[in-house]
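The values are calculated or read from the model by the stated rules, or taken from the named source; none is laboratory data. The shown structure was predicted, so the numbers you read here are calculated from the model rather than taken from an experiment. FYI the Cβ positions are ideal-geometry reconstructions off the backbone, even for glycines, and counts take in every protein chain you see.
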Amino acid sequence: MFPFDIKPEAAAKELNAYYKQLSAGMKTLSELGPISEGISGKEAVYEEDKVVLYHYTPRVEKPHGIPVLVIYALVNRPYVADMQEDRSLIRGLLDQGLDVYIIDWGYPDASDRYQELDDHINGYVRHCVDFICARYDLPSINILGICQGGTFSICFTSLYPEKVKNLVTVVTPVDFHGGKNVLGSWGKDLDVDLIVDGMGNVAGDLLNFTFLSMSPYRLTGQKYLDMIPVLEDPVGLMNFLRMEKWIFDSPDQPGETFRQFVKDFFQDNKLIKGEVRIGGKRVDMKNITMPVFNVFATKDHLVPPPASQALGKYSNSKDYSEFPFKGGHIGIFTSGRSMAEVPPAIATWVKAHG
């Protein structure tokens, strides 16, 4: 006796429909063309080593007078914030009248193994901020940090508060031991010295496998079964493939940067203790006195809300506010509801603090 009541006729019918969908999907795939990396127009305005600063083409006649610099994580690529026309944080900010720049970290290679957080924060980020300030003849600009890029933004703002007009953070870890933090728990016992000493740069594929293993069935099996019904829909299939391309587009991590970030942030939680030192300078979040807008996802499996909300406790801003998005870490960039809520909220807040 089988545990399931499966009738041969029904199984054959289902398999036949399945193969028809696959056949139609092959035809759709052959006609799709290249998969884009971001949909908003942009121009490279500053380059240093492998880092490129892009300026997005404004979508209103007179953008807001103080530009916004987006700082993304070293893990994966920043075009997740600009995936498709109706689901793009960048496009939403541009449509709301903001003037937007973004840092693209590029693809580190063996020559970047010894880059440290000092090179990223006191080097690349500071140089990009100085470039934008000089371009607009401004003493300070707005900074919007995403995920690890938000942590970088907090560090930069703590070290150079005079260069930051307003700080916006999106799904940003602050208290790396806060909440039910699975990634933080894994990081506590990681032998990072063995990894970096043995590998040099840390392979992006290794990190990507780590993220996928946090929800293995859903991220490595179920989503491909769920994809079958969209095989005959060119638009839906292209959207799926854009996300797949982004997920597996994982740059290697500079070894010394990875070593310091894991030890200081994940293992020792030094950011909230005021003990992180970058280029000999201490990162003190009490230096963050400017207005702060913290956007977090209530169902975030990578950065649980308490890990992000700690920014309100440890910064010294008298104008701190939060925006909880009812979704997950990636959904905050790719869901339709997010596009209706998050860009308008950020833009309204930024313009109100201009």
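Report whether or not LEU190 is under 20 Å from the mean Cα position of the chain (by Cα), at pLDDT below 95, farther than 30 Å from TRP349 by Cα and surrounded by 14 or more Cβ atoms within 10 Å (Cβ to Cβ).
Numbers: under 20 Å from the mean Cα position of the chain (by Cα): no; at pLDDT below 95: yes; farther than 30 Å from TRP349 by Cα: yes; surrounded by 14 or more Cβ atoms within 10 Å (Cβ to Cβ): yes.
No; evaluated as a whole, the condition is false for this residue.
Which residues, taken from the range 152-199, are in contact (Cβ under 8 Å) with a residue 12 or more places away in the chain, charged (D, E, K, R) and in a loop (DSSP other than H, G, I, E, B)? Across the range 152-199, the qualifying residues are ASP175, LYS180.
Tell me, which residue of the range 119-145 that is in a loop (DSSP other than H, G, I, E, B) and touching a helix residue (DSSP H, G or I) at 6+ places or on another chain (Cβ under 9 Å) is nearest to PHE333 (Cα to Cα)?
SER140
Within the range 240-269, which residues are of a type in the set (D, E, K, R) and buried (at least 17 other Cβ atoms within 10 Å of the Cβ)?
Correct list: ARG242, ASP252, GLU256, ARG259, ASP264.
Of the residues examined, LEU138 is not one that is under 20 Å from the mean Cα position of the chain (by Cα) and modelled with pLDDT of 95 or more. Any residue that is surrounded by fewer than 15 Cβ atoms within 10 Å (Cβ to Cβ) and either under 18 Å from LEU167 (Cα atoms) or modelled with pLDDT under 95 (or both) - is there at least one of those in the range 271-278? No, the range 271-278 has no match at all.
Please go through the range 104-118 and pick out each residue that is in a helix (DSSP H, G or I), more than 25 Å from GLY38 (Cβ to Cβ) and not hydroxyl-bearing (Ser, Thr, Tyr). Answer for the range 104-118, where residues must be in a helix (DSSP H, G or I), more than 25 Å from GLY38 (Cβ to Cβ) and not hydroxyl-bearing (Ser, Thr, Tyr): ALA110, LEU117, ASP118.
Scanning the range 56-68 for residues that are buried (at least 19 other Cβ atoms within 10 Å of the Cβ) and out of contact with any Leu (no Cβ under 7 Å at 6 or more places or on another chain) yields one hit, PRO67.
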